[in-house]
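Below you'll find the structure, written out as structure tokens, and then a few comments.
No lab work stands behind these numbers, since they all come straight from the coordinates. None of these values were measured; they are calculated from a predicted model. Every residue, glycine among them, receives a Cβ derived from its backbone with ideal geometry; neighbour counts consider all protein chains shown.
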Amino acid sequence: MPMIRRLVALSFCCAVSAPALALDEGPTFDCADPASQAEEAVCASPDLAALDRELARLYDLAVQDPALSGERLDELRAMQRGWIKGRDACWSSDLGLPTCVRNAYALRIHGLRGRYDGARAEPGPSTGPFPYVCDGTPALVSASFTQSGTPLAILTWTEGFAVLPLIPAASGARYGEGETEFWTKGDEATLTLRGQAPSTCQRDDMG
């Protein structure tokens, strides 16, 4: 009987613990009632759920920043509402729903970190943005990185952007997708864009 009771107790413990673990690894909204196809995609992907949690963390830090003026707080909240609408419109993207949603989260993380000091107030899975000066086109690239789920490099420049997952490399950190690649080694990086020769970039200052 003692052995049976222990097995029953263990089974009950595991049954209770499993949903809690799933909740910790899920997004910040209720997957039992997703509000859009984009939220359904997030619920189905651990990587997207991790990006959702990191975005929520940065947004909360920015909102709670005591140095943020009322005007900028209103701007932040309005931009977040607009961002949600944009993310939810990913169902119609030519990139496909998961890639569009990934890019939406990554670019919002990059934007929050760059625009709001409060979003950088505490260490977490994302870093940056860091400015890189390159010897080709574009001449200036802003780069953030996130370790939420699959590690990503998030690059923006005047003419466009790239969201690149980490790929195998013998040294340094190499991010790439399609014909676009960003390979960092210390403060130096090589940027390769589709149809262009590789550019050598130097990190200019901490972002």
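For F145, which of the numbered conditions (1) within 21 Å of E75 (Cβ to Cβ); (2) under 9 Å from the mean Cα position of the chain (by Cα) fails to hold?
With respect to (1) within 21 Å of E75 (Cβ to Cβ); (2) under 9 Å from the mean Cα position of the chain (by Cα), F145 is out only on (1).
Would you point out the residue of region 131-147, among those that are closer than 22 Å to P165 by Cβ and of a type in the set (S, T, N, Q), that is surrounded by the fewest Cβ atoms within 10 Å (Cβ to Cβ)?
Here the answer is Q147.
Please find, within region 173-203, the residue that is nearest to the chain's Cα centre (by Cα) out of those that are surrounded by 13 or more Cβ atoms within 10 Å (Cβ to Cβ) and part of a loop (DSSP other than H, G, I, E, B).
Taking the candidates together, the pick is L193.
Can you report the number of residues in region 85-137 which are in contact with a Ser or Thr (Cβ under 6 Å, 6 or more places away or on another chain), in a loop (DSSP other than H, G, I, E, B) and not acidic (D, E)?
Total satisfying the criteria: 2.
Tell me, which residue of region 46-78 that is without any contact (Cβ under 8 Å) to a residue 60 or more places away in the chain and within 17 Å of the chain's Cα centre (by Cα) is farthest from R115 (Cα to Cα)?
In the first step, residues of region 46-78 are kept if they are without any contact (Cβ under 8 Å) to a residue 60 or more places away in the chain; the result is 52, 55-56, 60, 62-78.
Applying the additional criterion that residues be within 17 Å of the chain's Cα centre (by Cα) yields 52, 55-56, 60, 62.
On the way: D52: 18, L55: 14, A56: 15, D60: 14, A62: 9 Å.
Among those that are without any contact (Cβ under 8 Å) to a residue 60 or more places away in the chain and within 17 Å of the chain's Cα centre (by Cα), it is D52.
Looking at G128, G118, G114, which one is in contact (Cβ under 8 Å) with a residue 40 or more places away in the chain, at positive phi and surrounded by 14 or more Cβ atoms within 10 Å (Cβ to Cβ)?
G128
Please go through region 83-118 and pick out each residue that is more than 17 Å from L61 (Cα to Cα) and among the β-branched types (V, I, T).
I84, T99, V101
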